[in-house]
1. Quick one: H194 ticks every box in (1) part of a helix (DSSP H, G or I); (2) modelled with pLDDT under 95; (3) touching a helix residue (DSSP H, G or I) at 6+ places or on another chain (Cβ under 7 Å) bar one, so which box is it?
2. Does A106 qualify as being surrounded by 18 or more Cβ atoms within 10 Å (Cβ to Cβ) and in contact (Cβ under 8 Å) with a residue 24 or more places away in the chain?
3. Name the single residue that is nearest to L156 (Cα to Cα) among those in the stretch 197-219 being among the aliphatic types (A, V, I, L, M) and modelled with pLDDT of 95 or more.
4. I need the helices (runs of 4 or more DSSP H) fully contained in the stretch 1-82, keeping only those with at least 2 residues that are acidic (D, E), farther than 21 Å from N103 by Cα and in contact (Cβ under 8 Å) with a residue 12 or more places away in the chain.
5. May I ask you to list the residues in the stretch 131-141 that are under 14 Å from T88 (Cα atoms) and either charged (D, E, K, R) or surrounded by fewer than 17 Cβ atoms within 10 Å (Cβ to Cβ) (or both)?
6. Kindly evaluate W49 against the criterion of being more than 20 Å from I180 (Cβ to Cβ), modelled with pLDDT under 95 and within 19 Å of the chain's Cα centre (by Cα).
7. Of these, P124, P170, P112, P144, which one is of a type outside the set (A, V, I, L, M), surrounded by fewer than 24 Cβ atoms within 10 Å (Cβ to Cβ) and modelled with pLDDT of 95 or more?
8. Taking W43 as the residue in question, decide whether it is modelled with pLDDT of 85 or more and loosely packed, with under 15 Cβ neighbours inside 10 Å.
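The values are calculated or read from the model by the stated rules, or taken from the named source; none is laboratory data. Not measured: the values here are computed from a predicted model. Cβ placement follows ideal geometry from the backbone for every residue including glycine, while neighbour counts extend to all protein chains displayed.
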Amino acid sequence: MSLHTVILYGCAAAVVLPGVEVIKSLVGGGRRMSPVELVRALWGRPVPWVAAAMAGAMTVMAVVQTAAPSVMGHLRREPGAPWWRAVTALLVQTSGWYQLAFNLAALLVIAPAAQRALGPAVMPVVFAVSGVAAQAVSMAGWSPVGGGDSVALCGLVGALAVTVALRSGPLPRRLLPLLIPAAGGVLCVLHNNHGVGVLVGCVLGAALTVTRGRWHVAAPRTAA
């Protein structure tokens, strides 16, 4: 295994593991939660309908690209492709079923948490801006061929990390999320488009934090 690959895996761990803790802190106050409790917290009342619509749309696209793989050739980014492919590349998962399954599962966890923290109007904006920025940089030369919404999901994770890092609370809990923008910076040095998604999300999250002054996360009620 090359050093480059080791660094990539390390950055992935530095995004995923703190990201899980960030989501738990937002929807469960940092307490230990079983998988069932986490699902209830994420998808319980009030139902995050925007996140549900996004998950539904990506599920439909997964079915479409599986039934008609040629669709990917019309939507993915590739050399000489028109600019709008930076948008449509978010709709197709070009690396096979494992990318499709992982990204859909990640969306089902990250999107509802982000909607509850950022709001139903802001969450899809952060998703889209982070994702399109990463796809545009990829089309400019970092990774000319491909597609997937993981870069946009990284943007949501970056925004959530900043909301936790900047709010009041125990210092250790606020420092852990800073691993996420640090990993994003390293990924950018390696010309990995996920780093762009992370950092754009962090910038948007910081701007929203300053604008709003403080964050209020309304955790859903769970069944007794």
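1. (2)
2. Against the criterion (surrounded by 18 or more Cβ atoms within 10 Å (Cβ to Cβ) and in contact (Cβ under 8 Å) with a residue 24 or more places away in the chain), A106 qualifies.
3. The qualifying residue nearest to L156 (Cα to Cα) is V198.
4. So the answer is none; nothing clears 2.
5. None - no residue of the stretch 131-141 is under 14 Å from T88 (Cα atoms) and either charged (D, E, K, R) or surrounded by fewer than 17 Cβ atoms within 10 Å (Cβ to Cβ) (or both), so the list stays empty.
6. So W49 fails the test.
7. After ruling out the rest, the residue left standing is P124.
8. no
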